[in-house]
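Comments concern the structure below.
The values are calculated or read from the model by the stated rules, or taken from the named source; none is laboratory data. Remember, predicted model here, so these are calculated numbers, not experimental data. Reconstructed Cβ throughout: ideal geometry from the backbone, glycine too, with neighbour counts over all protein chains shown. Surface areas here come from the heavy atoms of the whole protein model, side chains and all, with no ligands, DNA or RNA. Shrake-Rupley method; radii C 1.70, N 1.55, O 1.52, S 1.80 Å.
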Amino acid sequence: MLDFAIDLAYRAGTLIRAGAERDVSYEPKQYADVVTEVDRASEALIVGAIRARYPDHAIIAEEGSGVSMSSPYTWLIDPLDGTLNFLHGLPIFCVSIALLAYNEPLLGVVYDPMRNELFYAERGRGAFLNGRRLRVSQTPTLARSLLSSGLPYDRFEQPDNNLAELTHLAMLVQDIRRPGSAALDLCAVAAGRTDGHWELGLKPWDVGAGGLIALEAGATVTDWQGEPWRPLGGDRLVATNGLIHAELLAALAEVRRQRSLKLS
Ligand code: IPD
Ligand code: CA
Ligand code: CA
């Protein structure tokens, strides 16, 4: 099934790369979110292939062409993660494919077609980038860390929108990036390119594959309370090299504490 998922990621990536070289049509979804014809074409390719090969598997896919059924196996598909980057011509986007068995991650594949970087992992078998084993960084403290994060699409009307956390953490770390593809952000933690990522407002397809790739590279992946990450669990995630995890969770808790003091 890993070979099948890798082949699909390459095929979808080829379609996305071709789309990046021409004008594509798009429509607004909600808030700042958009969907392009390439998101839809990539999803149709992936979902069509899974349905043909594994007709008894469930599929959760971002653009709505999934199939719900009772099955031990569920695929999580983000046909194009980083759509706004794609639309603006900023080459930070990917396709993300994960497979769960009994709701636990079994395999994950993230392909960045612009850098030809294929990240993949199978549970218990390590994480790889183009065949090379991945390990998280060794950065020992938050103060020396390069982190990444994200901003939710509904931030305009949702006051709990990560802006306070970004402001607080900006003064505690070496620096923060907002690359715009949660799947690639988690792969960057796995590859030791960044030391940690935190975000809220995430969906299972954003993090299904990247979460497993990070875990298999030795990352600690939890929710904001420190509970183990579950792909179909809540929308908040923290992934780090492990060494800075407690410090990052404490910083997020401090913002929560300050917010509740203000509200009371
Ligand atoms: C988005 C990206 C972004 C994250 C958003 C996601 P999309 O996915 O992963 O980095 O901050 O929460 O929705 O819409 O480009 O597939
Ligand atoms: Ca996404
Ligand atoms: Ca997407």
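Below are the figures for this structure:
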read-out	value
Among (1) part of a strand (DSSP E or B); (2) touching a Pro at 6+ places or on another chain (Cβ under 9 Å); (3) open to solvent by less than 10 Å² (accessible area, probe 1.4 Å), the one test that residue 60 misses	(3)
Matching entry among 214, 253, 209 (being closer than 23 Å to residue 160 by Cα and either surrounded by 23 or more Cβ atoms within 10 Å (Cβ to Cβ) or assigned by TED's automatic domain parsing to the domain that holds residue 174 (or both))	253
Of the criteria (1) closer than 30 Å to residue 156 by Cβ; (2) open to solvent by 40 Å² or more (accessible area, probe 1.4 Å), which one residue 3 fails	(1)
Selected residue (criterion: modelled with the lowest pLDDT) from residues of the range 25-65 that are within 19 Å of residue 207 (Cβ to Cβ) and out of contact with any strand residue (DSSP E or B) (no Cβ under 7 Å at 6 or more places or on another chain)	33
Search result, residues across the range 237-264 that are over 30 Å from residue 190 (Cβ atoms) and either touching a His at 6+ places or on another chain (Cβ under 9 Å) or not in a loop (DSSP other than H, G, I, E, B) (or both)	257, 258, 259, 260, 261, 262, 263
Of all residues making up the range 164-193, the number that are part of a helix (DSSP H, G or I), among the β-branched types (Val, Ile, Thr) and crowded, with 20+ Cβ neighbours inside 10 Å	1
Selection count, the range 143-163, where residues are outside any loop (DSSP other than H, G, I, E, B) and surrounded by 16 or more Cβ atoms within 10 Å (Cβ to Cβ)	3
For residue 8: the one exception among (1) in a loop (DSSP other than H, G, I, E, B); (2) in contact with a helix residue (DSSP H, G or I) (Cβ under 7 Å, 6 or more places away or on another chain)	(1)
Residue that is in a helix (DSSP H, G or I), more than 25 Å from residue 230 (Cβ to Cβ), outside the structural domain of residue 181 (by TED's automatic domain parsing) and within 15 Å of ligand 2 (Cβ to nearest atom), where the choices are 45, 84, 15	84
Those residues of the range 1-48 which are aromatic (Phe, Trp, Tyr) and within 16 Å of residue 85 (Cβ to Cβ), in sequence order	26
Some residue of the range 187-204 being more than 16 Å from ligand 3 (Cβ to nearest atom), without any contact (Cβ under 8 Å) to a residue 60 or more places away in the chain, among the hydroxyl-bearing types (Ser, Thr, Tyr) and more than 21 Å from residue 243 (Cα to Cα)	no
Tally of residues being within 11 Å of ligand 2 (Cβ to nearest atom) and in a loop (DSSP other than H, G, I, E, B) across the range 87-107	1
Filter result (open to solvent by less than 10 Å² (accessible area, probe 1.4 Å), of a type in the set (Gly, Ala, Ser) and out of contact with any Ser or Thr (no Cβ under 8 Å at 6 or more places or on another chain)) within the range 76-128	96, 98, 121, 126, 127
